[in-house]
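Encoded as structure tokens, the structure appears first; notes follow it.
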Amino acid sequence: MAAMVALATAEPSARDMSMQVRLTPTQARVLHGVRSGQFNKQIAHDLGIAEATVKAHMTALMRKLNVQNRTQVAIAAQSLVPDIA
């Protein structure tokens with residue numbers, strides 16, 4: 001089952017709007033790890049999955065969040081509503 005989270009857009013004209021992003025439960029946990037500053041290897045260990053699987057989830061997250069790199073994923077994660085725990 002995919003989790004639905006709202007991501008506030010950074011564009012000034014769309015401040016009050018949000019776009020819906022569907023994340024799988026594992027993608028949400030990977031996103032939480034990135035937001036916490038963990039390395040892929042640490043996230044993989046915590047989730048009991050391969051590091052390559054974390055990388056695949058990161059690629060999917062970058063595509064879904066429409067960002068280019070890990071830092072932008074972490075920044076986008078901070079603006080997620082509701083806050084991921």
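Remark: pairs (first residue in segment 59-80, in contact (Cβ under 8 Å) with a residue 60 or more places away in the chain; second residue assigned to a helix (DSSP H, G or I) and of a type outside the set (A, V, I, L, M); Cβ separation under 9 Å; 6+ apart in sequence or on different chains) = L80/R35. Scanning segment 31-42 for residues that are crowded, with 16+ Cβ neighbours inside 10 Å and part of a helix (DSSP H, G or I) yields L31, H32, G33, V34, R35, N40. Report, by residue number, each residue of segment 10-30 that is assigned to a helix (DSSP H, G or I) and either surrounded by fewer than 12 Cβ atoms within 10 Å (Cβ to Cβ) or modelled with pLDDT under 50 (or both). Within segment 10-30, P12, S13, A14, P25 meet the criteria.
Could you run through segment 43-72 and say how many residues are in a helix (DSSP H, G or I) and loosely packed, with under 12 Cβ neighbours inside 10 Å?
Matching residues across segment 43-72 total 4.
The values are calculated or read from the model by the stated rules, or taken from the named source; none is laboratory data. Here the structure is a predicted model, which means the values were calculated and not measured. Virtual Cβ from ideal backbone geometry, glycine too; neighbours counted across all protein chains shown.
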